[in-house]
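Worksheet: one structure, shown below.
The values are calculated or read from the model by the stated rules, or taken from the named source; none is laboratory data. All values derive from a computational prediction rather than experimental measurement. Don't worry about glycine lacking a Cβ; one is built from the backbone with ideal geometry, like all the others, and counts go over all protein chains shown.
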Amino acid sequence: MKKIIFALLSIFSVVSVADAQKKTSGAIQFETTVDPAAMAAASGFQIPEQMKARMPSAAKSNFELLFTATNASYMPVEDMEDSNGAGGGGGGMGRMMMRFGGGAGNREYYYSFADQKLTEVFDLNDTTYYMPSKLTLSTSGPVGSFRMGGGNPGDTTKPKPVAPPKIEVVKTDATKKIIGFDCKEVIVKSTRSVKILDMDKEVTEETHIWYTNDLGFNFSPNPKMWTEGTVLAIEGKGNSTIAKSIEYRGVSSKDVTPPKKAKLITEEEYKVKMDNMMKRFRQNRPGGGAQRIVVPGN
């Protein structure tokens, strides 16, 4: 009888260990929705109906967070059939990186949990770069903001410096379930002074961050919008990213490791490159002012 009990306990122990190991790796699917007209309205800009008709409609895109006990990666994906199960999970949809050249582009983010390191990987001018970064709360504003361009087409001077917005972080008592996890809410309020049609105006935008500490690692779909824990949703006016599902399965270490072919670039070097690109853009753009949607952190 004792032998039978011991055998059963051994089996339960093996099952428990296997179950625990299973929950240390997997994939979380995120969906991002961007509505340029709603983002512009949230920033206090009244859009003429004619301009609104020419603006792109709300668009959705998919992202995937792959995680192991020690590392993670986050990137935009498109669905594709994969008989290998995208990293050894067995069946299902696979993962394919969608990287676009120029500008901010879409990026891959790689996390190392032990030393809290974050690496951004992106293409710029036909070169793949990696840039050391970190999870933080941006002081430049919320998830999305609408900024007015303009000036004379021949003006090649640097744009006038813009005063940083006033940032207020509010922890609320609100909670909600996202993909089965209890999440807490942080509201980031950003108040900035803007000039619209030669009128000075104060505009306040709110971004709602929903996070959980139950996954045991730090992460955010926007590294510049993070306060603590694993962020499973970021909601702003006209711009949101929300976790839709989670699957516990095996994940290959190569899928959560930055590519070796990437070239190192510092934040200072990246800023210089982007400033030069914007200067060339202002020199070459056609007559008249311009408007653009800016989404920090992407």
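The table below lists the values:
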quantity	calculated
Hits in the stretch 170-201 (condition: over 21 Å from the mean Cα position of the chain (by Cα), within 18 Å of Val231 (Cβ to Cβ) and among the polar types (S, T, N, Q))	Thr172, Thr175
Answer residue from the stretch 110-145, given it is buried (at least 19 other Cβ atoms within 10 Å of the Cβ) and part of a loop (DSSP other than H, G, I, E, B) and is modelled with the lowest pLDDT among those	Gly144
Evaluation of Ala20 against (1) of a type in the set (Gly, Ala, Ser); (2) at pLDDT 55 or above; (3) out of contact with any strand residue (DSSP E or B) (no Cβ under 6 Å at 6 or more places or on another chain) (one fails), failing number	(2)
Verdict on Glu205 being surrounded by 12 or more Cβ atoms within 10 Å (Cβ to Cβ), under 16 Å from Asn222 (Cβ atoms) and at pLDDT 80 or above	yes
Odd one out for Gln283, checked against (1) in a loop (DSSP other than H, G, I, E, B); (2) at pLDDT below 85	(1)
The lone exception for Ala243 - which of (1) in a strand (DSSP E or B); (2) out of contact with any Phe, Trp or Tyr (no Cβ under 6 Å at 6 or more places or on another chain); (3) at pLDDT 90 or above it fails	(2)
Residues (at pLDDT below 95 and in contact with an Asp or Glu (Cβ under 7 Å, 6 or more places away or on another chain)) located in the stretch 152-183	none
Qualifying positions in the stretch 185-199 - in contact (Cβ under 8 Å) with a residue 40 or more places away in the chain and not hydrophobic (A, V, I, L, M, F, W, C)	Ser190, Arg192, Lys195
Condition check for Glu64: at pLDDT 70 or above and closer than 30 Å to Lys201 by Cα	no
Scan of the stretch 248-284 for residues that are within 30 Å of Thr212 (Cα to Cα), surrounded by 14 or more Cβ atoms within 10 Å (Cβ to Cβ) and charged (D, E, K, R), ordered by number	Arg249, Asp255
